[in-house]
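The values are calculated or read from the model by the stated rules, or taken from the named source; none is laboratory data. Predicted, not measured: the structure shown is a model, and the values here were computed from it. Counting neighbours? That spans all protein chains shown, and the Cβs are built from the backbone with ideal geometry, glycine included. Only protein heavy atoms, including side chains, enter the accessible area calculation; ligands, DNA and RNA are left aside. Shrake-Rupley method; radii C 1.70, N 1.55, O 1.52, S 1.80 Å.
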Amino acid sequence: YLEWVAVAKPLPRLPPLERLEPELEAVLEHWDDADQVAASPIRELGEMLLGDEKADVDGVRQLVSGALDAARRRAPGDEQAFQAVELASLSGTPKLEVAARRLAVSRPTFYRMRKRAVRAMVEELVRWARSGRPTPPDSVP
């Protein structure tokens, strides 16, 4: 907070909650496109949580990956949903249908699982934003 005041920058704001889920979906969809990740409002959240210097594309990706890990720790019985996010976005699987087959689920089930995992990730990001900093993965219950 003091850093922002010292340089007379407006304080970063948490993007509206109704925008966080689609914005996180967009970051995941364009995971390998640095320009898309950099242009995302999730980056603004990264600036708020990590600071300007760490909220570059790699910082945003680390923030999103950390949210995935933290959400996974909070919901150990939902492992397949988090695998859906990894397969569909982080692993470079070219088609969602291929990722669904790898998990041996139908496409509608795959989409529901992925959506559930993304919601859990948004909850982590919001939790971090409200506390003012990302929670280290070791401290997630």
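Within the stretch 72-79, none of the residues are among the acidic types (Asp, Glu), over 15 Å from LEU24 (Cα atoms) and over 17 Å from the mean Cα position of the chain (by Cα).
The C-beta contact set for the stretch 53-71 (first residue within 15 Å of ASP35 (Cβ to Cβ), second residue among the polar types (S, T, N, Q) and surrounded by fewer than 22 Cβ atoms within 10 Å (Cβ to Cβ), distance under 9 angstrom, 6+ apart or interchain) comprises VAL60/SER40. Residues in the stretch 72-100 that are within 23 Å of VAL37 (Cβ to Cβ), at pLDDT 85 or above and polar (S, T, N, Q): GLN83, SER89.
Restricting attention to the stretch 97-129, the residues that are open to solvent by less than 50 Å² (accessible area, probe 1.4 Å) and either among the basic types (Lys, Arg) or part of a helix (DSSP H, G or I) (or both) total 17.
For the condition open to solvent by less than 50 Å² (accessible area, probe 1.4 Å), modelled with pLDDT of 90 or more, assigned to a helix (DSSP H, G or I) and not hydroxyl-bearing (Ser, Thr, Tyr), ASP69 does not qualify. Tell me whether the stretch 46-66 contains one or more residues that are open to solvent by less than 20 Å² (accessible area, probe 1.4 Å), over 10 Å from the mean Cα position of the chain (by Cα) and modelled with pLDDT of 85 or more. Yes, some residue in the stretch 46-66 is open to solvent by less than 20 Å² (accessible area, probe 1.4 Å), over 10 Å from the mean Cα position of the chain (by Cα) and modelled with pLDDT of 85 or more.
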